[in-house]
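Quick notes on the structure that follows.
The values are calculated or read from the model by the stated rules, or taken from the named source; none is laboratory data. This is a predicted model, so every value here is computed, not measured. Counting neighbours? That spans all protein chains shown, and the Cβs are built from the backbone with ideal geometry, glycine included.
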Amino acid sequence: MDKLKKEVRLAVNIDHFATLRQARRSTEPDPVFVALLAEQAGAMGIVTHLRGDRRHIQERDLRLLREVIKTKLNLEMAATEEMKKIALRIKPDVVSLVPERPEELTTEGGLDVKRQLKQLIPFIQVLKKAKIRVSIFVDPLNDQIKACRQAGVDLIEINTGRYAELKPESARKKALEAIKEAAILAEELGLEVHAGHGLDYYNVKPIVAIPQIEELSIGFAIVARSAIVGVEKAVRDMVCLLKRD
Ligand code: PXP
């Protein structure tokens, strides 16, 4: 492993600012404006999930984000033909492949890479040919991590959702161990390691302590805190927590 980085990069998922806007089919809050504020406050990337049902982020947001953000645009999407065409048009820096179920409140788990490997390989190749880095949102399971390598991605995002949700403490500890093991394996396989889902101001520190993890994707907790203290403070406070002690 290279020298331990002093901090983990924060990528802010801005979807739920768009959820608020769409609740009134309004023009505010504009997630594009929020993305610029987040960058100014220390975010090193902006993440958006364009869903098939367009419940929050719209194609207009993606087009503008591509133009204005200065860090990295990460487009989360399902591996569908529709989304592939959009990604090739928008050219985000990173595409993160996620499973998507229309009725879900949020992404419910990692992609079953093992089962979909045959379809994923050519899908990923097309994106990589267009110079888009490809990531897969994956559960911390050894066989799934190995399948990510076979799928040809450069990086993975380990699903921290179970760790974030689980009680009691013993179950949570086990989930944390699984993430640590998955991170070690991924690094051994030459994959850049990111993580995310369900992380907040209270549970993020043990994840930051995992040396292989380079970037965290955090959305809901930052959006919720922004409503009370403003976007810049909410982002800055999270950036502080992502510093390694
Ligand atoms: N990573 C992925 C793949 C996601 O789908 C989401 C939710 O959109 C996140 C990270 C961020 O999760 P949260 O909103 O719980 O911080």
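When the criteria are applied in full, G152 fails the requirement of being touching a strand residue (DSSP E or B) at 6+ places or on another chain (Cβ under 9 Å), modelled with pLDDT under 95 and among the small types (G, A, S). Restricting attention to the range 106-121, which residues are aliphatic (A, V, I, L, M), surrounded by 15 or more Cβ atoms within 10 Å (Cβ to Cβ) and farther than 21 Å from R55 by Cα? V113, L120 - these are the residues of the range 106-121 that are aliphatic (A, V, I, L, M), surrounded by 15 or more Cβ atoms within 10 Å (Cβ to Cβ) and farther than 21 Å from R55 by Cα.
If you go through the range 160-168 one residue at a time, do you hit one that is surrounded by 15 or more Cβ atoms within 10 Å (Cβ to Cβ), within 19 Å of V47 (Cα to Cα) and not hydroxyl-bearing (S, T, Y)? Among the residues of the range 160-168, at least one is surrounded by 15 or more Cβ atoms within 10 Å (Cβ to Cβ), within 19 Å of V47 (Cα to Cα) and not hydroxyl-bearing (S, T, Y), which makes the answer yes.
N203 passes every criterion in (1) part of a strand (DSSP E or B); (2) closer than 23 Å to D237 by Cα; (3) of a type in the set (S, T, N, Q) apart from (1). Exactly one residue among T27, T19, T48 is within 12 Å of the ligand (Cβ to nearest atom) and over 16 Å from the mean Cα position of the chain (by Cα), and that residue is T19. Check R21, R25 and return the single one that is touching a Ser or Thr at 6+ places or on another chain (Cβ under 8 Å) and over 18 Å from I218 (Cβ atoms). Going through R21, R25 in turn, the sole match is R21.
Here G198 clears all of (1) within 9 Å of the ligand (Cβ to nearest atom); (2) touching a strand residue (DSSP E or B) at 6+ places or on another chain (Cβ under 7 Å); (3) among the small types (G, A, S) except the condition numbered (2). If the condition is being free of Cβ contacts under 8 Å to residues at least 60 places away in the same chain and either near the ligand (Cβ under 10 Å from one of its atoms) or over 22 Å from V134 (Cα atoms) (or both), then the range 182-195 contributes only A195. Evaluating A171 against the criteria (1) away from the ligand (no atom under 15 Å from the Cβ); (2) closer than 28 Å to V34 by Cα; (3) without any contact (Cβ under 8 Å) to a residue 12 or more places away in the chain leaves one unmet condition, (2). Screening the range 172-217 for residues that are surrounded by fewer than 18 Cβ atoms within 10 Å (Cβ to Cβ) and of a type in the set (S, T, Y) and picking the one that is farthest from the chain's Cα centre (by Cα) gives Y202. Checking every residue in the range 86-97 against the condition of being over 20 Å from H194 (Cα atoms), hydrophobic (A, V, I, L, M, F, W, C) and within 12 Å of the ligand (Cβ to nearest atom) gives zero matches. If I filter the range 177-193 for residues that are more than 20 Å from R51 (Cβ to Cβ), modelled with pLDDT under 95 and either assigned to a loop (DSSP other than H, G, I, E, B) or in contact with a helix residue (DSSP H, G or I) (Cβ under 9 Å, 6 or more places away or on another chain) (or both), do I get at least one hit? Among the residues of the range 177-193, not one is more than 20 Å from R51 (Cβ to Cβ), modelled with pLDDT under 95 and either assigned to a loop (DSSP other than H, G, I, E, B) or in contact with a helix residue (DSSP H, G or I) (Cβ under 9 Å, 6 or more places away or on another chain) (or both), which makes the answer no. Of all the criteria given as (1) over 17 Å from the mean Cα position of the chain (by Cα); (2) farther than 24 Å from V193 by Cβ, the one not satisfied by L120 is (2).
Restricting attention to the range 208-230 and to residues that are away from the ligand (no atom under 11 Å from the Cβ), of a type in the set (A, V, I, L, M, F, W, C) and touching a residue at least 60 places away in the same chain (Cβ under 8 Å), the residue that is nearest to V94 (Cα to Cα) turns out to be I213.
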